[in-house]
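None of the figures in this text is laboratory data; all of them are computed from the coordinates on show. Predicted model, so just to flag it, every value in this text is computed and none were measured. Cβ: placed from backbone, ideal geometry, glycine included. Neighbour counts: every protein chain shown.
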Ligand SMILES: C[S@@+](CC[C@H](N)C(=O)[O-])C[C@H]1O[C@@H](n2cnc3c(N)ncnc32)[C@H](O)[C@@H]1O
């Protein structure tokens, strides 16, 4: 049977498993190569991304249904089993079609014996619906509520625990936060200040002015920014509204004295540097943008073309830039990225909790370096795209203790943004704000 959308989903799953490909890069390119579009492309996308996201739950179910450990099942057959069980448990594809289409793909690629094995396992998977399986295999909600929600929403336990910790153990809200990682984010645009207004950009793109960022626009669902003329003309850029808000917050802190030298200490690929650069151009200041990786520094130069931004390819911890010289400094630190899981279908299964220790050390060193570079009375924004307490409030508390820096109440620089809790830092959330889960602390030297 010829089934181009499911074959494309299966091939993309193989690339994700075998060579650590990103589903959201490999699948669109497969679809383009094979001329798959319209409803077929939408089906392939839903099946591939959904299967990637649900992998932990699917594997736990499959382990209950297979006669051998999953590690002993051939990779391609495991991909097919995941694709088939995803359709059985999380889509409206009729069960017989979910099984038959998967078995047909396996028969065509791997022969009858493999097809028979996949058929037998998927029939067992189809004996219960998703709720039934969660009840059967997840830890009991009463004994281990976080473990239960982690399985039900198919997240690694350590990530669900990190969200729970950041949300003050509110389980209802934890469920919302985990569910939000399965939604497809709208495309957000930044209208570059001084070049185009959000209202003009919304008009030109058919989008909506964003709820919180004065320079933000939300494209309609499914909107493709690739061909938009304001983007080609560098009047606007694709950028999550949360990223816009943290830059606007840094730029809006009142300062006594000079306000002409700004610094971005972790600039690649340059989205925030470009917004900083546009703002600085309207205010007669300049930006130094530091990036350690050469190829990412090139991207910063491209995104900041025409703006008063100078790129330095150096380590931010030892940049050689003048100390006590900058009025505003951004540290958009390398982090686990747990705040942007909705953008990368497979990301939640790839990140490991033992990545954290090294990141936290680097984050602390970068923030301490930023506090050396900022002038007395200047301001540093410490930003992560993660709500994990170790890399957010943990890093900030540690650095405040070591350096004597003062933490400002960041909430006052996020006017109109609801549900910012007790501060002094700001933690945004997809389920609360429709943004990535950006963290922002503002420190004064
Ligand atoms: C979270 S990303 C920054 C995203 C960027 N601000 C933007 O909005 O496009 C962190 C960046 O820091 C860079 N980086 C990592 N270690 C660094 C270091 N020691 N010094 C400077 N940059 C570093 C990484 O290569 C990466 O590009």
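Based on DSSP H segments of at least four residues, each scored -39500 (n - 2.57), the chain has a per-residue ellipticity at 222 nm of -15000 deg cm²/dmol.
How much length is gained on full extension from residue 221 to residue 183, taking 0.36 nm per residue of separation minus their Cα-Cα distance? All intermediate terms of the calculation are to be shown ahead of the outcome.
Details: separation 38, 0.36 × 38 = 13.68 nm, distance 1.16 nm.
Taking residue 221 through residue 183 to full extension adds about 12.5 nm, to one decimal.
Note on residue 398 and residue 169: the extension gain reaches 80.1 nm, defined as 0.36 nm multiplied by sequence separation minus the Cα-Cα distance. Using Cα centres only, tell me the gap between the range 350-375 and the range 168-204 in whole Å. Rounded to whole Å, the Cα centres lie 26 Å apart. For the chain, the longest principal axis of the C-alpha atoms and the axis of helix 157-166 are separated by about 40°. A crude spin-label estimate for the pair residue 355 and residue 96, with each label 7 Å from Cα along the Cβ direction, gives 4.4 nm.
Take 155, 312, 295 and order them by how many other Cβ atoms sit within 10 Å, fewest up front.
295, 312, 155
Taking the empirical scaling 2.2 N^0.38 Å for compact globular proteins as reference, the chain has a Cα radius of gyration ratio of 1.06. Each of 159, 313, 137, 247 was scored by other Cβ atoms within 10 Å of its Cβ. Listed from fewest to most, they are 137, 313, 159, 247. Taking the square roots of 5 times each eigenvalue of the Cα gyration tensor of the range 260-408, largest first, gives ellipsoid semi-axes of 24, 20, 13 Å. Stretched out straight at 0.36 nm per residue, the stretch from residue 283 to residue 406 would grow longer than its current Cα-Cα span by 41.7 nm.
Ranked by how many other Cβ atoms sit within 10 Å of their own Cβ, fewest first, the residues 349, 429 fall in the order 349, 429. For the chain, the longest principal axis of the C-alpha atoms and the axis of helix 4-19 are separated by about 60°.
Between residue 324 and residue 260, the modelled labels are 1.9 nm apart [label points 7 Å from Cα along Cα→Cβ].
State, as an integer percentage, the relative contact order of the chain based on alpha-carbon contacts under 8 Å between residues 6 or more apart. After rounding, I find 12 percent.
The calculated FRET efficiency for residue 232 paired with residue 63, based on their beta-carbon distance and R0 = 35 Å, is about 0.10. Rounded to the nearest Å, what's the spacing between the alpha carbon centres of the range 302-317 and the range 382-400? Just the number, please. Using only Cα atoms, the two centres lie 25 Å from each other. Once C-alpha pairs closer than 8 Å and six or more residues apart are averaged by separation and normalised to the residue number of the range 4-130, the relative contact order reads 24 percent.
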